[in-house]
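Each remark here refers to the structure printed beneath this line.
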Amino acid sequence: MFEVKVVSLLPGLIEPTHREGVVGRAVTQGLLKVEHINPREFADDVHRTIDDRPYGGGPGMVVKYEPLRRAIERGRADLPAASPVVLLSAQGRRFDQATAERLAAAPGLMLVAGRYEGVDERITTAVDLELSLGDFVLSGGELAAAVVLDAVARLLPGVLGHEESAANDSFAQGLLDCPHYTRPDEVNGLKVPEVLASGDHRAIARWRLKQALGRTWVRRPDLLKRRDLNQEERRLLDEYRREFGAPAMHGMV
Ligand code: 9D3
C-alpha cells in the first residue's frame, strides 16, 4: 500500500480528485491511501492564524513556518522513513515523467501545497524536493499536488490493467502519442487512415511509431533532442519529413 500525506489549507480542492478515475480506483482497491493534514490545526493561537504579512512589505500574505512545519512533522511520523517530502511551488524544478517514476518507486510520499503569495522560505529546510508544473501562475499548490498524485498513482503496481499499462505511455518512450481514431470510418468527409483498418499489425505499428516521431519532431523538437533514435526510427522520421515537409505546426494553434 502506497501512502500519501497531503498537507494543504484547502483539502476540499484536492479530495474530489481521489474519489474518481484511476486514483479513485487505486484507493478503493487498497493500493493507495491518501490522508490530508491541514496546517490550520497546528496554528498556535485562538484564531488559528496560518499566515501573516511579509517582512519587507508588499502585497499579500505569507504562510507561517510553524503551523506548516508541524503539519509536515505529523505527516512524516506516520510515513515510511524513505518517503520524500515534496513542496509544490512555482519556484520548483519542472515536474516530469522521470520524476513521477522516481516518486512512485518510493514507499510513500508527502505533498505540501502552499497558498497566498507564498510560504515562509524557511520551510524549504523541512522538504526534500520543490516541484513546479510549469511556467504559469496558479493560485496555490493544491491542484498541482492533485496532478502529481495522479501521475504517480497510475504508476503504482497493479493500478493500471495490462491493457492500459503505464509502460506503453508515450511519454515513457520520450515521444508524443500517435493519433487515435474510432468508428465511423468517415465523418464530415474526414477519413480514418487506411492502414489502421488493414489488419496488418506490423504496418500499423510502423505507422503509429512514424506518427509519434513526426508529431514529436513538429510539436516538441526539444523532446527529440533528448532522445536517441535507432536506425528504424530515423528511417520512419525521414519518411514523415518527406511526406509532410518542414514543421508548419500541423494542427497546432
Ligand atoms: C502572483 C504571485 N507571485 C508573485 C508574488 C508569486 C506566486 C506565489 C504563489 C505565484 C504562484 C503562487 C502559487 N503557485 C503555486 O503554489 C504553484 C505553482 C504555480 O503557480 N505554477 C506552476 N506550478 C506550481 S506548483 C505550485
>> What's the total number of residues in the stretch 100-117 that are of a type outside the set (D, E, K, R) and crowded, with 19+ Cβ neighbours inside 10 Å?
In response: 9
> Can PRO67 be described as modelled with pLDDT of 95 or more and under 17 Å from PRO11 (Cα atoms)?
Replying inline: yes
> Taking ARG74, is it more than 16 Å from the ligand (Cβ to nearest atom) and open to solvent by less than 70 Å² (accessible area, probe 1.4 Å)?
Replying inline: no
> Filtering the stretch 233-242 down to residues that are among the acidic types (Asp, Glu) and in contact (Cβ under 8 Å) with a residue 12 or more places away in the chain, which residue is surrounded by the most Cβ atoms within 10 Å (Cβ to Cβ)?
Replying inline: GLU233
>> Can you say whether GLY189 is loosely packed, with under 12 Cβ neighbours inside 10 Å and either more than 30 Å from GLY108 (Cα to Cα) or outside the structural domain of VAL23 (by TED's automatic domain parsing) (or both), as far as the supplied structure shows?
In response: yes
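Within the stretch 41-60, work out how many residues are away from the ligand (no atom under 13 Å from the Cβ) and small (Gly, Ala, Ser).
Of all residues in the stretch 41-60, those away from the ligand (no atom under 13 Å from the Cβ) come to 41-50, 52-53, 55.
From the residues that got through so far, the ones that are small (Gly, Ala, Ser) too are 43.
Of the residues in the stretch 41-60, 1 are away from the ligand (no atom under 13 Å from the Cβ) and small (Gly, Ala, Ser).
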> What do you reckon, is ASP185 free of Cβ contacts under 8 Å to residues at least 40 places away in the same chain and in contact with a strand residue (DSSP E or B) (Cβ under 7 Å, 6 or more places away or on another chain)?
Replying inline: yes
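Each row is one residue, and each column tells you yes or no for (1) within 12 Å of the ligand (Cβ to nearest atom); (2) free of Cβ contacts under 8 Å to residues at least 40 places away in the same chain; (3) closer than 19 Å to ARG25 by Cβ; (4) not assigned by TED's automatic domain parsing to the domain that holds HIS18.
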site	(1), (2), (3), (4)
SER89	yes, no, no, no
THR99	no, yes, no, no
LEU111	yes, no, no, no
ALA126	no, no, no, no
SER132	yes, no, no, no
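To keep it simple, each residue is scored yes or no on (1) of a type in the set (D, E, K, R); (2) closer than 19 Å to ALA113 by Cα; (3) touching a Cys at 6+ places or on another chain (Cβ under 8 Å).
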| site | (1), (2), (3) |
| --- | --- |
| GLU3 | yes, yes, no |
| LEU9 | no, yes, no |
| LEU13 | no, yes, no |
| PRO16 | no, yes, no |
| ALA26 | no, no, no |
| VAL34 | no, yes, no |
| ILE37 | no, yes, no |
| ASP44 | yes, no, no |
> Among the numbered criteria (1) more than 13 Å from the ligand (Cβ to nearest atom); (2) at pLDDT below 95, which single criterion is violated by ARG115?
Replying inline: (1)
> Only one of (1) of a type outside the set (A, V, I, L, M, F, W, C); (2) surrounded by fewer than 19 Cβ atoms within 10 Å (Cβ to Cβ); (3) under 19 Å from GLY60 (Cβ atoms) is not met by SER89, so which one is it?
Replying inline: (2)
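The values are calculated or read from the model by the stated rules, or taken from the named source; none is laboratory data. Please read these numbers as outputs of a predicted model, since none were measured by experiment. We place every Cβ from the backbone using ideal geometry, glycine too, and count neighbours over all the protein chains shown. The accessibility values were calculated without ligands, DNA or RNA, using every heavy atom of the protein model including side chains. Shrake-Rupley method; radii C 1.70, N 1.55, O 1.52, S 1.80 Å.
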